[in-house]
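A short reminder: the numbers here are calculations on the coordinates, not readings from a lab. If you're wondering where the values come from, they're calculated on a predicted model, not measured in any experiment. Quick reminder, even Gly has a Cβ in these numbers, built from the backbone with ideal geometry, and neighbours come from all protein chains shown.
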Amino acid sequence: MQIIIFDDAQQVAENAAHWVSELIKSKDAPVLGLATGSTPISLYKQLVAKHQRDQLSFANTTTFNLDEYQNIDAENSQSYRYFMNDNLFDHVDIDKSKTYLPTCTQSENPREQGLAYESKIKHAGGIDLQILGIGANGHIGFNEPTSSLASRTRIKTLTQQTLTDNSRLFKADEPQPTLAMTMGIATILDARYVLLMATGKGKASAVKDMITGPLSAMCPASALQIHENAIVLLDKEAASELDDQAYYLWADKENRKVNQAFGLFHNF
Ligand code: F6R
């Protein structure tokens, strides 16, 4: 795991945008895995700015989102399709027919939908770079604690903690979905690179569990310990429960030299 600690959330977003834009520039047909939630909003703002200011083009990029609520219309402002259009897709030159989310209506079979999503990812050549946030309970995607480390795209019931954490995003009269389709932990581990962003004190305990273990289904993000190319971008608050911060800062300096010489994605 490459752990990079920044002064604030803005620097986390800027650095994440650098990783994404380098990926897009380095591949003819890049495949990005995307996340929703509060954390990546500033990353998407940075990407839109790079598109407008530096002509960063998304024309050849294919995207796969981590998750989507079950049985929700794309037009519903609570859907993750709406979120992605609103925060990124509507503002860049991406071909929306190459942007995928793991949808499942009430009448569709979640298992079949999950298998179809997995094969779409395979067909696209696999995910080059997967963006992740982390739940206060250690979830990645909607892989809640006790999710199988070998899981694939499927339907999950959200935990009470996740429902409470996300209730801030729903108005009093808006129903909050309790079921979601999500990439599994094994799906996420298949990505060539994963880039997890965490900001704020509320994530500090989950971040510590993810990095210092144990590797456990009780902290799904700890599965990233066995990923070959996991990059973790933290602000000071999210890193605040980590021991050994001096080592992470020093290792980051050394990694930057290697990255400068061989490129950010030299492990491809
Ligand atoms: C979103 C997702 C979730 C979030 C996590 C953190 O697609 O899969 O795992 O990344 O719940 O959410 P925020 O960023 O709102 O704290």
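A few comments on the model shown:
- What you get for the chain, charging only the Cβ of Lys and Arg (+1) and of Asp and Glu (-1), is a dipole of about 360 debye around the Cα centre.
- Under 23 Å of direct C-alpha separation, and excluding same-chain neighbours fewer than eight residues apart, Lys203 reaches these lysines: Lys45, Lys156, Lys236.
- Amide proton proximity set for Phe64, modelled H, under 5 Å, gap of 5+: Leu32, Gly33, Leu34, Tyr100
- Partners of Lys27 within straight-line reach, counting aspartates and glutamates whose Cα lies under 13 Å from its Cα and excluding those fewer than 8 residues away in the same chain: Asp128.
- The range 108-162 and the range 1-57 have Cα centres separated by 21 Å.
- Linear extension gain, Leu163 paired with Ser216, 0.36 nm per residue minus alpha-carbon span: 16.9 nm
- Relative protection proxy for 165-178, 34-47, 79-92, from highest mean packing down: 34-47, 79-92, 165-178 (other beta-carbon atoms within 10 angstrom).
- Across the range 2-262, C-alpha contacts under 8 Å between residues 6 or more apart give a mean separation that, scaled by the residue count, equals a relative contact order of 24 percent.
- Between Asp252 and Arg111, the C-beta separation translates, for a Förster distance of 45 Å, into a calculated FRET efficiency of about 0.60.
- Cβ-Cβ distance of Ala29 and Leu149, R₀ of 25 Å, FRET efficiency by 1/(1 + (r/R0)^6): the value works out to about 0.25.
- Exposure proxy ranking for Lys203, Lys156, based on other Cβ atoms within 10 angstrom of each Cβ and starting from the fewest, stands as Lys156, Lys203.
- Cβ crowding within 10 Å ranks His18, His123 as His123, His18, fewest other Cβ atoms first.
- Residues in the range 184-190 carry Karplus couplings, in order, of x, 5, 5, 4, 5, 5, 6 Hz; the curve used is 6.51 cos²θ - 1.76 cosθ + 1.60 with θ = phi - 60°, and Gly or Pro positions show x.
- Extension gain (nm, one decimal) between Ser119 and Gln52, 0.36 nm per residue minus Cα-Cα: 20.8 nm
- Screening the chain for DSSP H helices whose Cα atoms reach 15 Å or more along their own axis and whose mean Kyte hydropathy is at least -0.5 gives 9-26.
- Of Ala223, Ala116, Pro177, farthest towards positive along the dipole that unit charges on Lys, Arg, Asp, Glu beta carbons give the range 110-268: Ala116
- Residue by residue, the range 88-96 carries 3J(HN,Hα) couplings of 9, 4, 5, 10, 10, 8, 6, 7, 4 Hz when phi is fed to the Karplus relation 6.51 cos²θ - 1.76 cosθ + 1.60 (θ = phi - 60°); x denotes Gly or Pro.
- Only helical runs count toward this figure. For the chain, summing -39,500 (n - 2.57) over DSSP H runs of n ≥ 4 and dividing by all residues gives -11000 deg cm²/dmol at 222 nm.
- Full-extension gain in nm, Tyr82 to His18, via 0.36 nm per residue minus C-alpha separation: 20.6 nm
- Here His266 and Ser97 are evaluated by their C-beta separation; at R0 = 30 Å the FRET efficiency comes out at 0.40.
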